[in-house]
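Q: First, the structure itself, so that you have it in front of you.
Only the coordinates and a few stated rules stand behind these numbers; no lab work does. All figures in this text were calculated on a predicted structure; none of them were measured in a lab. Cβ coordinates were reconstructed from backbone atoms using ideal geometry, including for glycine residues, and neighbour counts include every protein chain displayed.
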Amino acid sequence: MTISHFSAVLLFSLFTSVVFGITQRAEPKMMVRFGALCFVLFVGGTIAASWVMWLIKH
Amino acid sequence: MATKVNYPLAAGDKGLVEESTSRVSPTTALIAGWLVPGAGHLLLGKWIRAILLMASVVGMFAIGIALKGKLYSPNTGEPLDMLGFAGDLGSGLLYGLARLLGWGQAPVLVAIADYGTKFIVVAGLLNIVAAVDAHSLASGRKHS
């Protein structure tokens with residue numbers, strides 16, 4: 001099996017955010033909100049770090 | 001599951017105390033959740049959470065294996081390998097099954113396979129977080 005680096009980021013972020021959302025909040029509505037926040041931060045942080053590395057290289 | 005119950009406390013006290021009424025002991029929930037991802041929540045009747053946790057941990061572990069990630073072994077003498085082994089062990093029976101079937105033994109040669117190694121370790125760590133959450137629910141420390 002081979003996947004792109006970005007697909008790996010999305011899968012990692014999805015699974016991790018689901019577990020964080022369920023375990024770190026008590027109410028279902030807050031679980032969804034926290035899970036979504038974690039997902040956005042994981043993916044956004046990775047994209048931001050990628051651009052920083054690109055800028056350092058160029 | 002938490003309900004309010006009456007206890008004979010001091011005079012003037014209404015005697016309303018929160019107590020866990022779960023019939024599953026916290027230790028059982030913790031160990032079940034560690035051995036089988038989501039089983040702790042399943043024992044506590046949290047079906048949806050159990051399914052989501054199982055899908056996440058098993059999915060992450062399976063993707064890690066499919067990406068040809070490495071399963072760490074005990075007693076290699078390398079501190080980082082020992083940490084990786086501790087993370088892998090968090091997957092409970094999944095780790096034992098993968099070792100029995102000989103998965104994750106090939107050397108890591110490409111970046112994607114290294115991602116697979118990380119997926120396997122993080123799946124174990126997430127399973128530990130989920131098992132501790134089941135323990136907190138069973139003990140009443142987390143109310144719902």
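Q: Using the scaling law 2.2 N^0.38 Å as the reference, what is the normalised Cα Rg of chain B?
A: My calculation over the Cα atoms of chain B gives 1.34.
Q: Assuming a viscosity of 1.306 mPa s and a temperature of 10 °C, what translational diffusion coefficient in µm² per second does Stokes-Einstein assign to the range B:51-101, Rh being the Kirkwood radius over Cα pairs?
A: It diffuses with D of about 137 µm²/s by this estimate.
Q: Relative to the first principal axis of the alpha-carbon coordinates of chain B, what is the inclination of helix B:26-35, with its axis defined by its Cα atoms, in degrees from 0 to 90 and to the nearest 10?
A: 20 degrees
Q: For a quick check: sort A:Val18, B:Val24 by the number of other beta carbons within 10 angstrom, fewest at the front.
A: Final ranking by Cβ density, sparse to dense: B:Val24, A:Val18.
Q: Summing Lys, Arg as +1 and Asp, Glu as -1, what charge do residues with Cβ under 11 Å from the Cβ of A:Thr23 carry, A:Thr23 excluded?
A: Summing Lys and Arg as +1 and Asp and Glu as -1 gives +2.
Q: Moving on to the next point. Label chain A by shape, choosing from rounded, prolate and oblate, from the square roots a ≥ b ≥ c of the eigenvalues of the Cα gyration tensor; if a/c is under 1.5 it is rounded, and otherwise prolate applies when a/b is larger than b/c, oblate when it is not.
A: The shape class here is oblate.
Q: Out of B:Val129, B:Leu71, A:Val32, whose Cα points farthest toward the positive end of the dipole of the protein assembly as shown (charges: +1 Lys, Arg; -1 Asp, Glu; placed on Cβ)?
A: Toward the positive end, the furthest listed residue is A:Val32.
Q: Taking only pairs that are 8 or more places apart or on different chains, how many Lys pairs in the protein assembly as shown have Cα atoms under 18 angstrom apart?
A: 7
Q: Still on this structure, I have one more. Between A:Ser4 and A:Ala36, what is the FRET efficiency for a Förster distance of 22 Å, r being their Cβ-Cβ separation, to the nearest 0.05?
A: 0.45
Q: Now, a different point. Considering only C-alpha atoms, what is the centroid distance from the range A:15-38 to the range B:83-144, in Å?
A: Their Cα centres are 19 Å away from one another.
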